[in-house]
Amino acid sequence: MNPVPNRDFMEVHPLHQHQPHCKQQCFVFTEIADIELPAEITKFGGGNEKLRCSNGGIPTSYNCKKDSCSESSAEHPGRSRGRRILVGICLVLVCIAMAGGIPLALQLRSSSLLEARLAFIRRLLTESPLIEGSWKPPSDIKMNASGLADIRQNHIGAVLWPIAVHCGAQYLDAVQLALEGIDEAKRITAATNSMHIVESADEMEQTHIRGEVAVLMGIGGGHALGTSLAVLRSIYLLGARFVSVTSLECTTPWAAAAIRRRDYLIEENATNSLNEFGKTMLYEMNRLGMLVEISQLSEAAMVIALRTAKAPVLLMNAAPLSLCNSTNVASIPDHVLSLLPENGGVILLNLERCGDRQISVREAILAINYVRKVAGVDHIGLGGAPKSYALLLAELARDRVWGNAAIKKLVGGNVMRILREIEALKNRMPLYEEWIPNESIESNSYCRYPES
């Protein structure tokens, strides 16, 4: 039988075997009952009254006996006050501990998660080669092959090496300089024992499996071709697998380059876009199985190239114009980026610097996501990163949209795709034997022997 409380809340007839249990319940609710609650909460119990062990207060899952609680509280007012002080001190100490402990715990957890993501990225880069666009060898590479150690430390599996020829050599010895550059690249890679020149996507994969760095060699400007399809074919036979149609501010007789300086002098008969012979050059590159790199073309020429090429194009050392407008990278307008899905091409983002300013990891991720939004995940690659690729990719992996498959596309899968697409087109197009019209070169080609 349960104790029956009377109405004046002062006297009770409890059963002796249940009294310890009631005192325990009363201890819990005595502490709550003496806490002053805000009006927003006490409105459930009526006005500003204290929470009581009755059905008139806030609903609870416990059933405290009103008479036992009242008797205990009435008998020990000093003890109740001491308990309140003790509880208050404990609450203050708990708050201080939480204020200092939670940030530390979160920091440790964040550090642990970063290490886990870094481990995931390193494992992923052993499966798929990270392909860096527009690589330049260190100045002392001929004397010290260990200068390539930074490539391994940065988990780079393959590089695109454009053989640079100064624009001033156009119409002079540009072709000779290109041949000498190819010879030098072959000698350097042969001496390192850690780099290997490749000529196809399959060779690139096999080189990565062996633990070596694959080198895809190309020509860094169309002016090094001497306006000759025969030179283009010969350079292909020497191992070049891509050609930048123009270098920065180096317009050729068949393709207009991007001009950044206002004081730049343009020749009177220079094309302002991509002329018919320029289109023929693109067709022959497609027939040979060479990638067409268009990042330094003028906007008009880029649009024509994207719509003319029969295979996906490449844009190296580039960044969105809306995020970086500088001469150290090719700044690509949004309307050009939006044409990449139709062509199937890939932009390799240089996320290391914008002019003289170092790009932060946060800005780099912003640029990657921006290009993904405009062009799509199938059309992005990397050509430079702040700090390290592993750190950039680990931070990028925090976003769930960058899963395993998406990151593999970003680090090199998209470049491998367009390599295979251009290889599939090889020799499936007619051979082009055209010569550039004499009127396009007669005022500049003073080193060309006149044809009979």
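Solvent-accessible surface (1.4 Å probe) assigned to ASP173 amounts to roughly 70 Å². Taking amide H atoms as placed 1.01 Å from N in the peptide plane, the amide H of THR252 lies under 5 Å from those of ALA257, each 5 or more residues away in sequence or on another chain. Principal axis extents of the Cα atoms in the range 312-356, from largest to smallest and rounded to whole angstrom, are 34, 16, 13. Electrostatic tally near ASN404: other residues with Cβ closer than 11 Å to its Cβ, Lys and Arg +1, Asp and Glu -1, net +2. Protein heavy-atom accessible surface, 1.4 Å probe, per residue over the range 179-239: 39 Å². Counting only DSSP beta bridges whose two residues both lie in the range 272-411, roughly 15 percent are antiparallel. Taking amide H as placed 1.01 Å from N in the peptide plane, the amide H of ILE332 sits under 5 Å from that of ALA319, LEU321, each at least 5 places away or on another chain. Computed with a 1.4 Å probe over protein heavy atoms only, the accessible surface of the range 344-390 comes to 40 Å² per residue.
Extension gain, VAL87 to SER273, is 58.9 nm, computed as 0.36 nm per intervening residue step minus the present C-alpha separation. For the range 325-342, putting each phi into the Karplus relation 6.51 cos²θ - 1.76 cosθ + 1.60 with θ = phi - 60° gives couplings of 10, 9, 8, 7, 9, 7, 8, 9, x, 4, 5, 6, 4, 5, 8, 4, x, 5 Hz, in residue order, rounded to whole numbers and with x for Gly and Pro. Computed over neighbours whose Cβ is under 9 Å from that of GLY344, the net charge equals -2, Lys and Arg +1, Asp and Glu -1. Remark on MET316: its backbone amide H falls under 5 Å from those of ILE294, SER295, LEU348, a criterion applied only to residues 5 or more positions apart or on other chains, H modelled at 1.01 Å from N. The translational diffusion coefficient of the range 297-452, from Stokes-Einstein at 37 °C and 0.692 mPa s with a Kirkwood hydrodynamic radius over alpha carbon pairs, comes to 188 µm²/s. Measuring nothing but protein heavy atoms, the accessible surface of the range 200-337 at 1.4 Å probe radius is 49 percent carbon and sulfur. Here the extension length gained between ARG428 and LEU114 equals 108.2 nm, from 0.36 nm per residue of separation less the Cα-Cα distance.
The values are calculated or read from the model by the stated rules, or taken from the named source; none is laboratory data. Note that this is a predicted model, so its numbers are computed, not measured. Glycine gets a Cβ as well: all are built from the backbone with ideal geometry, and neighbour counts include every protein chain shown. Remember, those area values only see protein heavy atoms, side chains included, never the ligands or the DNA or RNA. Shrake-Rupley method; radii C 1.70, N 1.55, O 1.52, S 1.80 Å.
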